[in-house]
Amino acid sequence: MSRPKPMHPSRREVLRFGGLGAGTLLFARSSFASSISADADPHFFLLVVLNGGADSSYMFDARPLSMTRAGKIQNYLGKEPDPWIGKNGGKALSTSLIKPLAAFRDRFSVLNGVCMAPSFDGHLQNMNFLFAGKPFGGDSFVPHLNSSETGRKPESLDAIVPTDPLFINVDNHSGVVPLRPASVKALSATLRNVEPPGSDHGLVDFMRRRLAAHTGDAGRFSAGSSLMLAGLDGAAQVHRQLASLTAPSENLGPEQQQLALIAECFRLSISRSAIYVLPESFDVHAPDQAKAQPKLFSDAIGRIATLFKGLNDTPFDAKRSLFEVTTVMVASELGRTMRGVDLPIDQTGTNHNQFSNSILIGGKGIRAGLVIGASDLADEKATVSKAHLALDGVLEKTMGLPFDFSTLKSRPDQPDAFDIKDYLTIGSVVNTVYALFDVPKSNYRSLRRDLPAAPVLHGLLV
């Protein structure tokens, strides 16, 4: 029996996240308890994605205007950045665009200089690194957080056959389902008028027997049959949960509607995690696109601030707000270069930068108000390491500084050669979230195939 050939999504398909309306909302498949008691310790995860590669210099990794005057970095905002000092003494420069987030600075921490994928600078590969931890696709890390049994690997073909170089799931959102606020009313009404599939139904019984007959052996066919059987057995519960959904009020704005739907899916145990992809695209190669970045980031940061405020103001139950029970992460698949090579500094767009990115993380279990990590080329007089020059000889990109995982501070040394163990990577960020949700260490991301798991940022956890 021949195996199906993996079909990789095109670059355009990867970038078209916003095609489902005002942002894309994805819920991870859930396998945890069907209800949450008032005395339980609920914990959820919300990933907010800035699609297309967001330029950190317009947010929390800004550069002084002297760098623009020196022709080093484009800056279409034209304002001097301000210091952003963390409770841990970490420092960064931030632009005036982040003002809407200042009210929440005690609710999240900033991670700068995060290396995404040192060998790849494409959207597809880096989006896969963000979600799946490998360049060519696989299981998204987000559904892993839904497992309710410590020590149990998530139900996915990748997890069941980890040594097989071929894989069936190549979508970096595998295990998630899109759900729009506008579609909830019709969906729940339809499901309330249809009986959930029960074992006494003839077709369901036939399917169960056929699937059960193919389980129990080694190999992907048996593994797939087991997954389909588990899905069939859980279909009635999912049916009842989705039938209980209430459509968000149409009087709410887009972000409030999305948040209301997220909150209800969390309360009803439909999912423990959700992904919200902002409608803006940050892929600004052309100068005219780059010049629109002040408005682009102003709109996106306004959406993020609305989500933060909504999480803070929305009660999860009588005791806690949604923010108190949710870990929130804001990330993009890569950063941007400082400029385009051989172009005037006031007429340049930007390219992809996989060596330095910024991530915001906060909410339940996270020490907030910190600034962790930094990138090099902080001003026009700064020098870079030989490791940087070997990977980026024209100094088009910033690179994360070497990182001390024990203190969560950047190191002052300048390595002669690039060694991924010296840097803060997306693998460490994901493994820190894994540690927070008690995901088995067998799922932790390695620094590289021949290296151990990326270090957990223990100082970031409460």
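If you go through the range 425-445 and keep only what is without any contact (Cβ under 8 Å) to a residue 24 or more places away in the chain and surrounded by fewer than 16 Cβ atoms within 10 Å (Cβ to Cβ), you end up with just Lys441.
For Asp288, the conditions (1) under 23 Å from Gln74 (Cβ atoms); (2) under 20 Å from the mean Cα position of the chain (by Cα); (3) part of a helix (DSSP H, G or I) are fulfilled apart from (2).
Within the range 276-299, the set of residues being touching a helix residue (DSSP H, G or I) at 6+ places or on another chain (Cβ under 6 Å), modelled with pLDDT of 95 or more, under 23 Å from Leu259 (Cβ atoms) and surrounded by 21 or more Cβ atoms within 10 Å (Cβ to Cβ) comprises just one member, Phe297.
Residue-wise test of (1) surrounded by fewer than 17 Cβ atoms within 10 Å (Cβ to Cβ); (2) modelled with pLDDT of 95 or more; (3) over 23 Å from the mean Cα position of the chain (by Cα); (4) not in a loop (DSSP other than H, G, I, E, B).
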| position | (1), (2), (3), (4) |
| --- | --- |
| Phe27 | no, no, no, yes |
| Pro42 | no, no, no, no |
| Asp61 | no, yes, no, no |
| Thr68 | no, yes, yes, yes |
| Ile73 | no, yes, yes, no |
| Glu80 | yes, yes, yes, no |
| Ala92 | no, yes, no, yes |
| Ile98 | no, yes, no, yes |
| Ala102 | yes, yes, no, yes |
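Inspection of the range 198-205 identifies at least one residue that is over 21 Å from the mean Cα position of the chain (by Cα), assigned to a helix (DSSP H, G or I) and not hydrophobic (A, V, I, L, M, F, W, C). Tallying residues that are over 19 Å from Phe282 (Cβ atoms), in contact with a Leu (Cβ under 9 Å, 6 or more places away or on another chain) and among the polar types (S, T, N, Q) within the range 74-132 yields 2. If I filter the range 384-424 down to residues being hydroxyl-bearing (Ser, Thr, Tyr) and either over 26 Å from Met67 (Cα atoms) or at pLDDT below 95 (or both), which single residue comes out as surrounded by the fewest Cβ atoms within 10 Å (Cβ to Cβ)? Per the criteria, the residue is Ser406. Within the bounds of the range 196-219, is there any residue that is small (Gly, Ala, Ser), surrounded by 17 or more Cβ atoms within 10 Å (Cβ to Cβ) and touching a residue at least 12 places away in the same chain (Cβ under 8 Å)? So far as the range 196-219 goes, no, none of its residues is small (Gly, Ala, Ser), surrounded by 17 or more Cβ atoms within 10 Å (Cβ to Cβ) and touching a residue at least 12 places away in the same chain (Cβ under 8 Å).
Conditions (1) more than 19 Å from Leu259 (Cα to Cα); (2) under 17 Å from the mean Cα position of the chain (by Cα); (3) outside any strand (DSSP E or B); (4) in contact (Cβ under 8 Å) with a residue 12 or more places away in the chain, marked per residue:
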| residue | (1), (2), (3), (4) |
| --- | --- |
| Ile301 | no, yes, yes, yes |
| Phe308 | no, yes, yes, yes |
| Val330 | no, yes, no, yes |
| Gly362 | no, yes, no, yes |
| Gly369 | yes, no, yes, yes |
| Val394 | yes, no, yes, yes |
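The values are calculated or read from the model by the stated rules, or taken from the named source; none is laboratory data. Because the structure is predicted, anything quoted here is derived from the model rather than measured. We place every Cβ from the backbone using ideal geometry, glycine too, and count neighbours over all the protein chains shown.
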